[in-house]
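J.: This is the structure I have questions about; it appears just below.
The values are calculated or read from the model by the stated rules, or taken from the named source; none is laboratory data. Every value quoted in this text rests on a predicted model; they were computed, and no experiment measured them. A quick note on method: Cβ atoms are made from the backbone with ideal geometry, for glycine too, and the neighbour counts reach across all protein chains shown.
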Amino acid sequence: MIYRLKNWLHRNRHPERYALLDGLLRNQAMTREQLLAKREHDLSEIIRHAYDRAPYYREKYAEVAAQGLAMGSLPILHKDEVIRHRDRLVAADFDWSALKIGNTGGSTGKPVSFYYDAFKGELMRAGMARSYMWAGWKPGEKILNFWGARQDIKSGPGFGQRVNAYIAAERTIGAYEYTEAELRAWAATIRSYRPVLLQGYASILAELARYVIDHKIPMPATLRGVFSTAEVLYGWQRELMERAFGCKVFNQYGSREIPNIACECRHGNLHVFTDMVYLESLDIEHERRLIVTSLTNRAMPFIRYDIGDSGRLKEGDCACGSPFPLMEIGLCRSNDLIRTRSGKRFYPSYFIHLLDGLEGIGQYQFVQREADKITLNLVAPGGLPAETLGALGERIRREVDAGMVLEVVYVDEIKRTVSGKHRFVISNPV
Ligand SMILES: [Zn+2]
């Protein structure tokens, strides 16, 4: 009864979002052929719209326009172009006063700001809601967010906000900095709020999961899913969360400028939302780079955008029955590879696994600023035994590069990026 009332209140407050959600649910009832036909149609529409309306695309596509603006002939849009030409990427017929500015965190080093309108905001929420439904969540059921991005958190929970939070059935905890005391309080909040879904940054949820396991804190049976977002999700983090929260983890893939690119289903496969994006995987600089086109963002079109991630598209169907095609996300963001003087490149997962089984580490981060040196910043109040660190340095010289020096620096905390993301491996050799 309470659920029905809430659902009704929620629908009344957000009619556009629910209408959009209904449309998205109809799309996922299509066959794959129908979906791909719709994608082709949406794609040619948005390319034409961008070329006709946005001054920057008009100029950028001048040479290929004569051949009919075929997707494969369009040049890639890079982040630094978005930074330099932001205002000229906006479609000319949009009312500037209705546009808001969003910022990406810059997990790949370059924060990007972009314009969006209210429609995009509602569509993003509707797209998220569709993903949540894959976990068995129903509109109006409670979600608890652990958010690492300080800029998103509004302060001062007044009465009006409490009412809104009740109807929205959503609560957000600012998780940009925390201690053991906060982890304890958050675990208590999950127990008293009894949400159906948890959502947040992978690194934050994994630390909370570790705390819940270490202190044997029982989690409510209401939990049906954990949505990991914004950061790369590692296997060990997923394992911790599933153990701690007693439900499945769903990895979401998207960014602020292009949300809802893909989401994992119950079978653990990432499905590409082809009714919202056109995703390509291209060989660029020896990497399978993901190139994304938003099919829905008409205010500021993103066409063939190099989002800064690697991954590939997969053939075949999934046992879950979803018509959306499959993909795999690469384990690294493009600048998180460690490079050696001899030209070898190491994926971040290699360094993350170096610390497997070591006790007493709170947080850590590998940083490469010079070709022959890697700094390991460690939050480890008791310190690590000298033999352990010696063996670690030895292993890096053996497996990575004979000339590579490991420097260990104990720190009190590791700052997150501007957007609140935790980066385990940073490589920026000069
Ligand atoms: Zn599936």
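J.: Only one of ILE329, ILE307, ILE284 is within 16 Å of the ligand (Cβ to nearest atom) and at pLDDT below 95; which?
T.: Numbers: ILE307 fails: within 16 Å of the ligand (Cβ to nearest atom); ILE284 fails: within 16 Å of the ligand (Cβ to nearest atom).
Just a single option satisfies the conditions, and that option is ILE329.
J.: Could you grab the pairs with beta carbons closer than 8 Å, sequence gap of 6+ or different chains, first residue in the range 374-385 and more than 17 Å from GLU180 (Cα to Cα), second one charged (D, E, K, R) and surrounded by fewer than 17 Cβ atoms within 10 Å (Cβ to Cβ)?
T.: Going by the 8 Å Cβ cut-off, the qualifying pairs are ILE374/GLU407; THR375/ARG369; THR375/GLU407; LEU376/GLU407.
J.: As an exercise: evaluate GLY357 against (1) exposed (fewer than 13 other Cβ atoms within 10 Å of the Cβ); (2) at pLDDT 85 or above; (3) more than 16 Å from the ligand (Cβ to nearest atom) and give the number of the one condition it does not meet.
T.: (2)
J.: Quick check on this structure: which one of PHE119, PHE159 is at pLDDT below 85 and over 30 Å from MET241 (Cβ atoms)?
T.: Working: PHE119 fails: at pLDDT below 85.
None of the others qualify; the one that does is PHE159.
J.: While we're looking at this one, here's another question. Testing VAL277 on (1) without any contact (Cβ under 8 Å) to a residue 60 or more places away in the chain; (2) within 16 Å of the ligand (Cβ to nearest atom); (3) buried (at least 23 other Cβ atoms within 10 Å of the Cβ), one condition comes back false. Which one is that?
T.: (2)
J.: Residues ARG84, ARG53, ARG88: which one is surrounded by fewer than 14 Cβ atoms within 10 Å (Cβ to Cβ) and of a type in the set (Lys, Arg)? If you could, list the steps in order and put the result at the bottom.
T.: Values: ARG53 fails: surrounded by fewer than 14 Cβ atoms within 10 Å (Cβ to Cβ); ARG88 fails: surrounded by fewer than 14 Cβ atoms within 10 Å (Cβ to Cβ).
Sole residue among the options that is surrounded by fewer than 14 Cβ atoms within 10 Å (Cβ to Cβ) and of a type in the set (Lys, Arg): ARG84.
J.: Restrict the check to the range 372-382 and report whether at least one residue is away from the ligand (no atom under 16 Å from the Cβ), within 28 Å of the chain's Cα centre (by Cα) and among the basic types (Lys, Arg).
T.: Scanning the range 372-382 turns up no residue that is away from the ligand (no atom under 16 Å from the Cβ), within 28 Å of the chain's Cα centre (by Cα) and among the basic types (Lys, Arg).
J.: Being within 16 Å of the ligand (Cβ to nearest atom) and part of a loop (DSSP other than H, G, I, E, B): is that true of HIS271 here? First the steps, then the outcome.
T.: Working: within 16 Å of the ligand (Cβ to nearest atom): yes; part of a loop (DSSP other than H, G, I, E, B): no.
Considered against the rule, which asks whether it is within 16 Å of the ligand (Cβ to nearest atom) and part of a loop (DSSP other than H, G, I, E, B), HIS271 comes out as no.
J.: Kindly indicate the residue of the range 310-326 that is hydrophobic (A, V, I, L, M, F, W, C) and near the ligand (Cβ under 10 Å from one of its atoms) and also surrounded by the fewest Cβ atoms within 10 Å (Cβ to Cβ) among those meeting that condition. Explain how you work it out, then say what you get.
T.: Let us first name the residues in the range 310-326 that are hydrophobic (A, V, I, L, M, F, W, C), namely 313, 318-320, 324, 326.
If we keep only those that are near the ligand (Cβ under 10 Å from one of its atoms) too, we end up with 318-320, 324, 326.
Details: CYS318: 18, ALA319: 9, CYS320: 14, PHE324: 22, LEU326: 18.
Filtering the range 310-326 for residues that are hydrophobic (A, V, I, L, M, F, W, C) and near the ligand (Cβ under 10 Å from one of its atoms), the one surrounded by the fewest Cβ atoms within 10 Å (Cβ to Cβ) comes out as ALA319.
J.: Quick one: TYR132 ticks every box in (1) modelled with pLDDT of 90 or more; (2) of a type in the set (Ser, Thr, Tyr); (3) more than 17 Å from GLY200 (Cβ to Cβ) bar one, so which box is it?
T.: (3)
J.: Just to be sure I understand, how many residues within the range 254-271 are in contact (Cβ under 8 Å) with a residue 24 or more places away in the chain and over 14 Å from the mean Cα position of the chain (by Cα)?
T.: 5
J.: Return a yes/no flag: does the range 208-227 have any residue that is modelled with pLDDT under 90 and surrounded by 21 or more Cβ atoms within 10 Å (Cβ to Cβ).
T.: So far as the range 208-227 goes, no, none of its residues is modelled with pLDDT under 90 and surrounded by 21 or more Cβ atoms within 10 Å (Cβ to Cβ).
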